[in-house]
Every structure is written in structure tokens, then in C-alpha cells.
Amino acid sequence: MDWTPVLARRMGRMKASEIRELLKLLDQPDILSFAGGIPDPTLFPKAEFAEAMAEAMSGPGAGQALQYSVSEGYGPLRQWLSRHMGTLGVPCAAENIVITSGSQQALDYLGKLFITPGDTALVGWPTYLGALGAFNACEPRYARLDPWGNADAATLQAEAEAAGGRVKMAYVSPDFANPTGETLDAAGRMRLLDMAESLGIAVIEDGAYQALRYDGAQVPPMLATDVARCGGIDAARVIYCGSFSKTLAPGLRVGWVCAAKPVIERLVLLKQAADLHSPTLNQIAVDHVARRLFDAHVAGLRTVYGARRDRMLVALAREMPDGVTWTKPEGGMFVWLNLPDGVDAAALLAESLKSERVAFVPGSAFFADGSGRNTLRLSFSCATEAQIDEGMARLARLLRGA
Ligand SMILES: Cc1ncc(COP(=O)(O)O)c(C=O)c1O
């Protein structure tokens, strides 16, 4: 069968990148990998989930736990999340929450909600690879989002119209972004909100790492600032995507969107069409565990990941040759390196697989236009302090030879 003639046009935008192919080779045991951006499985609250699952499956509630349920999500969890969003400065009701299968599903739905092929999405340069993957299915045009350097709204809109659509949304991960680890300060968030208001567009705020702050003062979510400015969540243009993946466990696939009711109602329609609802048992278990230990558990994660972040920054300062610079993240899981001009991080990774056996993600994967070839992403979330020391020494050796 020749599949090409029958594939939808959108599949043209959904190709496995060269880099993903390279990353498949990283599972070998002698490779020191800083490539994956995943939480450390030794830190999952396993006993608490075992207890929560056992409780959900015993007694009269077991039938409900295995039954179909509503697309909006498990009521008690939506209640808990509306209070959680309240603690972040976002007064809202359970009706402002929809549960999704991870925040990745929210990104998929939001692409479908806003993008007609040819419309423009404003994204960071670089930005989260998975957001580009989710939006690509809707065939957007991308333009660079830079709160400090963007052209005025009229120019952005004129360029989008010349390209056959209009600017529909801005996507931003303001806390400890994947891939750079950087945080957008309060003034930057305000500028971005002003720009979105002038353009009349939605802002998708990705809060995947929001809870993992290791130092510095918390900056309120953009949704909190928006709600304070516009008088209430149902008038807000910011759509907040949250996730339990980095705080409790990613395998359960439980995330949420907090937004104005007109947005939530439409996301519920998309969810009905896509998968009816997220797994009932997983939502019940997450509700159970979050109520009992969310804050205490996250405090423990901050201590462990914060120490790994510190170790990586110290090792980079000790080992890296001149001409290499890197970010100093206040939270999250990533450090972003800028290499001297002309060094190609993808070629460096291929070389590393042969010689130093240290792995990272070449940065160009995170740029909508494939630029940024002299950048790379390191994750410190799963490495021991000894592995970080050894890994940074190997990476520095590799770079000195580049
Ligand atoms: C910035 C960002 N957003 C969203 C996600 C998706 O996470 P999940 O679907 O597990 O909530 C990730 C995962 O790595 C991420 O880094």
C-alpha cells in the first residue's frame, strides 16, 4: 500500500526529527544521559498511590471508579484544583476547571480550538517541542514571541494576514521553561498581556513546572494578573494549563485547564469528541493523594531537584571552556547552553555517542524554524550528583575538541 496519496495534508507537518532518531540511541547503559526531561521515578509517592488505588477499588465506590464518567472530570478533583488555583492567586470555581489527560492533551485541544490552517501562533524561540508537535497538526504559521522585542500589534497582525490567516494565540511557559529553564518576570508578563490585549488573542500559559521553584520569589501566574486586571476569571484571556506529571506522577496522565467558562465549555466539547473523559480511577487516585500530601511532597521534590540544579551549575562553572554560556534556572528541570558560533550541537551529539558517551538534546529541536544549532538542553532531574560531575566533565572535553 502506498500511503502517501491518502494521508491528510497535516501529516506533512508531523515528521520524526533527525534528533528524535538520535535520541532513540540513548538507552544504552553506559551513556550518561541529560537528555530526558522526565521526573525521577524514585521520587514518586508509590505507597500513597497504592493505597489510593486500593481504596478506590474496594467497597461500593469501585463500580464508579471503573465506570464512564463526565467529560469535565472528577468533581472532587475539580474542587481541589479550584482551591489550588486560588492559592496561586486565581479565584475560580470548579466550573472553571476541566481535567485533561496530561497537559499535553490540553495543548492538542487548544490548537484545535484556535488554529485554522494558516493562522499564526506566537511561540518562544525556542519553545517546548511538544507544544510545536501538538499545534503542528492544525497547520499554523509560527511567529516569534518576545515580550521585550516584539513588533507592535498592528504589524504582527498585518504579517499574519499577509500569510493568509490572523494571529490567534500566544503560547508561553513563564516559569522555568522547557527548554531554557528561564522565568519571565512580572514586567515581561505584563507586557505580554498588553500585547495579547491589543491583538485580541488568547494566551496559553503552560504551568507544567510552576510548582518546582528552588529559589527566588514566586511570580504570580499570568492568569492571576489577568484576572486581577479584568475583574474575574470569566473575562480572562489567559488559559492556564496545569499538570500533576512533574509533581506526583506522569504515568497517570492527569492535568487540567483553568480558564473562563466559555473556554472550558468548548474544551469539554473537544474532549467529548476525542476521548470522552480522562481515566476515572486515575483522577480519583490523584484526588486522594493530592489532598493528603501535595504540599509536603512538592516541598521534598524541591529539596532534591534544587540540590541537583545547584550541582549542575557548579560543575558547569568548573568545567566549561570559554565561549560557552548557560542559563541559571530558579526551578524546573533544565539548563540551556549557548555554544560558540559555528558549533553544531546535533553533530556534537553524534560525536558524543561515539566518544564521550554523554547525551543532551540539541537545541534546534525547540525552534519552530530549526535554527539555534549552537544550543543544547541539559536536564538535571534524573541524575545523581556524581553523574552530574562526571557528565559535565565529559561534555566539556567534547566541547574543547569541537
Ligand atoms: C513545558 C511542558 N508542557 C507540557 C508538558 C506535557 O506534560 P504532561 O502531558 O505530562 O502534563 C511537558 C512535558 O514534558 C512540558 O515540558
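At most 16 other Cβ atoms within 10 Å plus a DSSP loop assignment makes a site exposed; report the longest stretch of the chain without any exposed chymotrypsin sites (Phe, Trp or Tyr not before Pro).
Working: sites that count: W3, Y68, W148.
In short, 149-402.
Report the full-extension gain for the segment A186 to M57: residue separation times 0.36 nm, less the Cα-Cα distance, to one decimal in nm.
Details: separation 129, 0.36 × 129 = 46.44 nm, distance 4.49 nm.
Length gained between A186 and M57: 42.0 nm.
Would you mind getting me the FRET efficiency between Q28 and R397? Use the beta-carbon distance for r and R0 = 25 Å, nearest 0.05.
Working: r = 19 Å, r/R0 = 0.77.
So, using R0 = 25 Å, E works out to roughly 0.85.
Want the number for T87 to A299: 0.36 nm per residue separation, take away the alpha-carbon distance, what's left?
On the way: separation 212, 0.36 × 212 = 76.32 nm, distance 1.54 nm.
Difference between extended and current length: 74.8 nm.
By count of other Cβ within 10 Å, fewest leading, how are E72, E55 ordered?
Numbers: E72 19, E55 15.
Ranking E72, E55 by Cβ neighbours within 10 Å, fewest first, gives E55, E72.
Working out 0.36 nm times the residue gap between L7 and I38, then minus their Cα-Cα distance, what length gain in nm do you get to one decimal? Kindly include the intermediate steps, with their values, before the conclusion.
Numbers: separation 31, 0.36 × 31 = 11.16 nm, distance 3.22 nm.
Between L7 and I38, full extension yields 7.9 nm more.
Lys and Arg at +1, Asp and Glu at -1: add these up for the other residues within a Cβ distance under 14 Å of Q157 and post the number. Walk me through the numbers before you get to the answer.
Details: positive: R141, R166, K168; negative: D119, D152, E159, E161, E197.
With Lys, Arg at +1 and Asp, Glu at -1, the net is -2.
Of all DSSP beta bridges in region 161-268, what percent run antiparallel (nearest 5)?
About 35 percent, rounded to the nearest 5.
Which residues does a label at Q64 reach in region 76-101, if reach means a backbone N under 15 Å from a point 7 Å past the Cα toward the Cβ?
Counting only backbone N, you get 76-80.
May I ask for the distance between the Cα centers of region 166-184 and region 43-116, given as a whole number of Å?
Cα centroid of region 166-184 versus Cα centroid of region 43-116: 24 Å apart.
How large is the direction-averaged shadow of the alpha-carbon convex hull of the chain, in nm²?
Values: hull surface 85.2 nm².
Averaged projected hull area, Cα only: 21.3 nm².
Which net charge results when you count Lys and Arg as +1 and Asp and Glu as -1 among the other residues whose beta-carbon is under 12 Å from that of L269?
On the way: positive: K112, R266, K271; negative: E72, E265.
For residues surrounding L269, the net value is +1.
Using r as the Cβ-Cβ distance of A217 and L269, and R0 as 51 Å, what FRET efficiency do you calculate, to the nearest 0.05?
Numbers: r = 39 Å, r/R0 = 0.76.
With a Förster radius of 51 Å, E is 0.85.
Once the convex hull of the C-alpha atoms of region 230-281 is built, how many Å³ does it hold per residue, rounded to a whole number? Don't jump to the answer; show the numbers that get you there.
Details: hull volume 4.9 nm³, N = 52.
Convex hull of Cα atoms, per residue: 94 Å³.
Pop the C-beta distance of K261 and A47 into the FRET formula with R0 = 56 Å and round what comes out to the nearest 0.05. Before the final figure, lay out the partial values.
Values: r = 38 Å, r/R0 = 0.68.
The computed FRET efficiency comes out at 0.90.
Computed from the coordinates by the stated procedures, all read-outs in this text should not be read as laboratory data. The model shown is predicted, which means the values in this text are computed figures rather than measured ones. Quick reminder, even Gly has a Cβ in these numbers, built from the backbone with ideal geometry, and neighbours come from all protein chains shown.
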